[in-house]
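So that we are looking at the same thing, I have put the structure below in structure tokens.
The values are calculated or read from the model by the stated rules, or taken from the named source; none is laboratory data. Computed from a predicted model, the values in this text were never measured in an experiment. Here the Cβ positions follow ideal geometry from the backbone for every residue, glycine too, while neighbour counts run over all protein chains shown. Heavy atoms of the whole protein, side chains included, go into the accessibility calculation; ligands, DNA and RNA do not. Shrake-Rupley method; radii C 1.70, N 1.55, O 1.52, S 1.80 Å.
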Amino acid sequence: MNGGDEVIAAPAGPSNPLDWKFSQVFGERTAGEEVQEVDIISAIEFYKSGDYLATGDRGGRVVLFERTDTKDHGGSRRDLERMEYSISRHPEFRYKTEFQSHEPEFDYLKSLEIEEKINKIRWCQTANGALFLLSTNDKTIKFWKVQEKKVKKISEMNVDPPKGVGNGSIASSSSSTIHLANGGSPERSHNYLSNDFSFPPGGIPSLKLPTVVSSHETSLVARCRRVYAHAHDYHINSISNNSDGETFISADDLRINLWNLEISNQSFNIVDVKPANMEDLTEVITSAEFHPTHCNTLAYSSSKGSIRLVDLRQSALCDSHAKLFEEQEAPGSRSFFTEIIASISDIKFGGDGRYILSRDYMTLKLWDINMDSGPVATFQVHEYLRPKLCDLYENDSIFDKFECCLSGDGLRVATGSYSNLFRVFGCAPGSSEATTLEASKNPMRRQVPTPSRPSRSLGNSITRVVRRGAETPGVDANGNSFDFTTKLLHLAWHPTENAIACAAANSLYMYYA
């Protein structure tokens with residue numbers, strides 16, 4: 001590869017739609033196999049370098065995956081490019097380890113069961129070859145350290161190795177040799193031995209103390225370093241690391257708390273929207289995230305469809321926001337479902353912190369933090385479901401919380417839908433990319449050509465335009481009826497490459513372009 005190829009500027013204008021291909025699947029189920037509730041994936045998160053991937057499930061487990069395609073060639077992508085190594089491979093991962101993060105609990109004061117389901121996972125900075133991450137269920141956040149440790153073995157024993165069947169037996173044999181070495185009788189010391197050992201004729205001539213040696217074998221050990229508990233009266237919906245590497249926030253329906261990673265018994269309440277009288281409650285916090293580079297800035301979304309930007313330098317209790325982002329309601333469009341479908345289920349900052357992506361039930365919206373008059377782009381995801389809102393309310397599907405994600409370069413956004421489908425939209429100026437994919441080994445199976453729509457440009461800013469996919473009521477892009485029981489709620493975009501990991505029930509699917 002010519003070293004100069006990488007620095008040539010891309011031509012102005014929208015890039016071509018990506019051609020998505022299936023990469024891997026973990027936990028694939030066979031046709032007709034029943035999915036256990038505890039195995040359903042409830043959280044996905046890439047490490048900031050993209051070398052690790054973590055998933056959490058409803059059974060309280062955290063599973064870690066490790067990237068293998070760069071390790072096979074011994075070096076990072078940047079190193080390989082410097083060596084003029086041609087890279088045509090896509091990100092590939094392998095299972096690394098898993099551990100039980102949370103167990104079911106019972107709050108006796110409130111007579112409330114606390115389920116073990118992992119709500120969110122966030123990676124922390126690595127140190128000394130160890131991985132660190134935060135995981136949370138509804139009430140308790142835990143700080144985990146995952147590290148490779150050398151397996152230690154006991155050697156130099158008096159007893160024949162084939163006859164030693166465990167550490168317990170070996171320990172008892174060492175106590176027996178001490179008795180003999182000090183003149184004790186074999187009969188008396190034999191009481192301390194297991195039945196697997198026998199003494200050689202004439203006893204043991206010399207004492208060999210057991211020594212512990214480190215073998216070449218290693219095992220991954222996950223250890224809970226800290227538990228951050230008893231700080232939330234309501235269910236935790238978000239955790240987010242600060243760019244300072246020292247603090248993080250946790251958010252529930254009414255409050256956001258600020259923690260120091262090193263201190264588990266104290267947190268500071270920085271946002272509190274609880275009214276004096278709960279009957280006056282009109283909105284709740286649905287998601288919160290720190291700015292990726294400014295440690296004093298965070299954003300949180302509400303059930304009324306608004307996003308508030310908070311500056312921690314203004315005051316200790318950030319009840320007043322620095323900026324408010326919301327879209328004005330169209331006159332005469334209000335209905336019983338207006339507030340429900342306006343509720344934001346997830347927000348994500350772009351990599352440079354300039355844009356915020358939000359997901360409500362019907363749409364994806366992209367906001368410029370320097371422009372609070374409205375979103376710079378709106379992408380229709382569920383517009384064809386508008387005639388079915390009554391049915392969706394009856395079966396509670398209207399309350400499903402879909403996540404969203406941005407590509408590392410900020411040129412594309414993605415979110416999930418029903419029937420295990422997910423949508424990828426281009427958000428570069430002039431782009432009309434709107435791709436529908438299915439979480440299966442053939443992701444393009446449901447794909448049909450999407451008619452391009454003319455777009456209105458706002459100068460040099462990101463295009464402010466509503467882009468629509470298939471809008472036939474009650475059917476998907478291929479004319480098939482929608483299955484509201486199979487929903488793709490969780491997905492994550494690789495930080496540096498065009499690769500997406502998404503969860504379909506208990507299966508983790510990975511795609512690349």
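Using modelled backbone amide H atoms (1.01 Å from N, in-plane), which distant-in-sequence or interchain residues come within less than 5 Å of residue 238's amide H?
So residue 238 has HN proximity to 251.
Along Cα→Cβ, 7 Å out, is where each label goes; now give me the distance between the ones at residue 372 and residue 150 in nm to one decimal.
5.8
Peptides 43-52, 19-28, 272-281: what's the order by average Cβ count within 10 Å, highest mean first? Spell out each step's value before the answer.
Working: 43-52: 19.9, 19-28: 16.1, 272-281: 10.3.
Highest to lowest by the protection proxy: 43-52, 19-28, 272-281.
I need the trypsin sites (Lys or Arg not before Pro) found in the range 94-152, filtered to DSSP loop residues with at most 11 other beta carbons within 10 Å of theirs.
110
Would you kindly find the accessible area of residue 484, with a 1.4 Å probe and non-protein molecules such as ligands, DNA and RNA excluded, rounding to the nearest 10 Å²?
For residue 484, solvent-accessible area is about 50 Å².
How big is the accessible area of residue 155 in square angstrom, nearest 10, if you roll a 1.4 angstrom probe over the protein chains?
Rounded to the nearest 10, the figure is 40 Å².
Another one. Measure out, as a whole number of angstrom, how far apart the alpha-carbon centroids of the range 266-332 and the range 220-234 sit.
If we compute the Cα centre of each part, the gap is 25 Å.
Just the accessible area for residue 291, please: 1.4 Å probe, Å², rounded to the nearest 10?
10
Tell me, what HN-Hα J-couplings in whole Hz come from the Karplus equation 6.51 cos²θ - 1.76 cosθ + 1.60 at θ = phi - 60° for each residue of the range 343-355, using x for Gly and Pro?
Karplus-based 3J(HN,Hα) across the range 343-355 equals 4, 7, 8, 7, 10, 9, 7, x, x, 8, x, 7, 10 Hz.
Considering every pair of different Cα atoms, what Kirkwood radius, in Å, is found for the range 210-270? Intermediate values should be presented prior to the final figure.
On the way: mean 1/r = 0.0710 Å⁻¹.
Every distinct Cα pair counted, the radius reaches 14.1 Å.
Which lysines does residue 487 reach when only Cα atoms under 19 Å apart count, and residues fewer than 8 places away in its own chain are ignored?
117, 120, 388, 401, 441
Give me the aspartates and glutamates in straight-line cross-link reach of residue 208: C-alpha distance below 16 Å, same-chain residues under 8 apart excluded.
Partners within reach: 156, 160.
Filter the GluC sites (Glu not before Pro) in the range 286-334 to those in DSSP coil with at most 12 other Cβ atoms within 10 Å of their Cβ, and list the result.
Passing both the DSSP loop test and the Cβ count: 329.
Can you tell me, using C-alpha contacts under 8 Å and at least 6 residues apart, the relative contact order of the range 217-371 as a whole percent?
15
Quick one: ranking 510, 371 by accessible area, 1.4 Å probe, largest first, what do you get?
Heavy-atom accessible area, descending, gives 371, 510.
What list of ³J(HN,Hα) couplings, whole Hz, do you get for the range 424-441 from phi and the Karplus terms 6.51, -1.76, 1.60, once you set θ to phi - 60° and write x for glycine and proline?
These are the phi-based 3J(HN,Hα) values: 10, 10, x, 10, 6, x, x, 6, 10, 5, 8, 10, 10, 10, 10, 6, 7, 6 Hz.
Check which residues have an amide H placed less than 5 Å from residue 507's amide H, if you skip close sequence neighbours.
Amide H neighbours of residue 507: 41.
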